[in-house]
Amino acid sequence: MILDGKKISEEILLEVKNKVYDLHLSLAVIQIGNDQSSNVYINQKKKLCNILNIAFIHHKLDLNISEKEVLKLIDVLNEDQTTGILLQLPIPNHLDTKKIQNRINYKKDVDGLNNINVCNLINNKPGIIPCTAKGIMTLLNKYNIKVAGKNVVVVGRSNIVGKPISNLLLNSDATVTVCHSKTKNLAYFTKNADILIAATGKKHLITNSMVKEGAVIIDVGINKIDNKLYGDVDFEKIKNISSYITPVPGGIGPMTIASLAENLYDAYILQQED
Ligand code: NAD
C-alpha cells in the first residue's frame, strides 16, 4: 500500500489554513548565497505561505556576508512581529550553522534546530520539531501504523532528519537502530527492520534483498539525476515486498511542507504565551 503523503499533506494544509488565514502570520527565510536546490525549496515555502495567507519575507544575503551581519539580522527578526524564522541550509563554510540557528528565538524556530528545541525533543518535552521528522510521524499516525515495540532502522544520522526521527521514535517506544555511512554490513540491520527509514541522499541504496517481507518503508531521499527524482529506496523492486511504502515524489516531501505549516501555527501559539 502506498503511503500517500501528497493526499495527507493536503488534508493537513486545509486544517492549518482554517486556523491561520486571518492571523496575519509571517515567515522570514534567510538564504545565504544562491544554491539552486535552495532556490527550489524556498519557492515551495513561498507557495505554501501564499496558500495560508502568511506573509513571506525572503532575505537573500550575499555569499560572503559576515557572521556578525547574519546575527544582526536575526536579532532584528527576533524582536519584530515575524512569526517564524528559517535559516535555509546549506550556508557557506565560513559561517557557523549551529551558532546562527541558536541565535533564532526558539519560539520562532520553525525548523526546530535551535538547541532548546533539540533538547526538548531529546527530553520528550513539548517544542518545535524538525519538519521532515514530524512529517514522517504524522504519516505513520494517519495510516495507523504503530511504532511501539517495533524494530525501526533509520539509515542516516543528520541533525535535520536522522537524529530527530530517531528521537521521536524512541519517545514513541520503538526500538531504534541508527545506521550511517560507517555502518558495516548495512543489510544485516535493514533486513531486521519492521519499519525502515532511509535518509541518505544515495539513489536506490536500499534494494529488495535488504528488506524484510511486510516491512514499512519510508523513503526520505530526494536525488535529482538528469532532471528526474529518485529516492534512496528502489521503489519498483520493493513495493511488492513491503506492506506500506512512500513514493518519491509524493511521499515525505509534501509531508515536510505540511509540517512547516503546522510549526508556523505552533510558533504563533508559543509566542502568545509571552
Ligand atoms: P546528510 O547528507 O546530512 O546525511 C546523510 C546521512 O546518510 C549521513 O548521516 C550519512 O552517514 C548517511 N549515509 C550516506 N551514505 C550512506 C551509506 N552508503 N550507507 C549508510 N548511510 C549512509 O543528508 P540529509 O540532510 O539527512 O538528507 C538525506 C536525504 O534526504 C537527501 O536526499 C535529502 O535531499 C533528503 N531530504 C528530503 C527531505 C524531504 O522533504 N523529503 C527533507 C530533508 C532531506
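The values are calculated or read from the model by the stated rules, or taken from the named source; none is laboratory data. Bear in mind that the values here come from a model prediction, so they are computed numbers and not experimental data. Note that we place each Cβ from the backbone using ideal geometry, even for glycine, and neighbour counts take in every protein chain shown.
In the set K146, K60, K98, K47, only one residue is in contact with a strand residue (DSSP E or B) (Cβ under 6 Å, 6 or more places away or on another chain), at pLDDT 95 or above and surrounded by fewer than 17 Cβ atoms within 10 Å (Cβ to Cβ); that residue is K60. The set of residues in the stretch 24-42 being of a type outside the set (V, I, T), more than 18 Å from the chain's Cα centre (by Cα) and either closer than 17 Å to I85 by Cβ or loosely packed, with under 15 Cβ neighbours inside 10 Å (or both) consists of H24, L25, S26, N34, Q36.
Examine the stretch 147-158 for a residue that is on the phi > 0 side of the Ramachandran plot and polar (S, T, N, Q), and state whether such a residue exists. No, the conditions are met nowhere in the stretch 147-158.
Listed here are the strands (runs of 3 or more DSSP E) enclosed by the stretch 9-96 that have at least 2 residues being of a type outside the set (G, A, S) and in contact (Cβ under 8 Å) with a residue 40 or more places away in the chain: 26-32, 84-87.
Within the stretch 240-269, the set of residues being without any contact (Cβ under 8 Å) to a residue 12 or more places away in the chain and in a loop (DSSP other than H, G, I, E, B) comprises N240 only. Test K224 against the criterion of being of a type in the set (K, R) and in a loop (DSSP other than H, G, I, E, B), and give yes or no. It is false that K224 is of a type in the set (K, R) and in a loop (DSSP other than H, G, I, E, B). Can E236 be described as outside any helix (DSSP H, G or I), of a type in the set (D, E, K, R), surrounded by fewer than 21 Cβ atoms within 10 Å (Cβ to Cβ) and more than 12 Å from the ligand (Cβ to nearest atom)? Spelling it out, it is not the case that E236 is outside any helix (DSSP H, G or I), of a type in the set (D, E, K, R), surrounded by fewer than 21 Cβ atoms within 10 Å (Cβ to Cβ) and more than 12 Å from the ligand (Cβ to nearest atom). Hey, any hits in the stretch 210-223 for a residue that's of a type outside the set (A, V, I, L, M, F, W, C), in contact with a helix residue (DSSP H, G or I) (Cβ under 6 Å, 6 or more places away or on another chain) and closer than 30 Å to V40 by Cα? Looking for residues that are of a type outside the set (A, V, I, L, M, F, W, C), in contact with a helix residue (DSSP H, G or I) (Cβ under 6 Å, 6 or more places away or on another chain) and closer than 30 Å to V40 by Cα, one finds none in the stretch 210-223, hence no. One residue stands out among those in the stretch 220-232 that are within 11 Å of the ligand (Cβ to nearest atom) and either of a type outside the set (D, E) or at pLDDT below 95 (or both): the one that is nearest to V147 (Cα to Cα), which is V220.
Here the condition is being of a type in the set (K, R) and either farther than 20 Å from T256 by Cβ or touching a Cys at 6+ places or on another chain (Cβ under 9 Å) (or both); of K68, K45, it holds for K68 alone.
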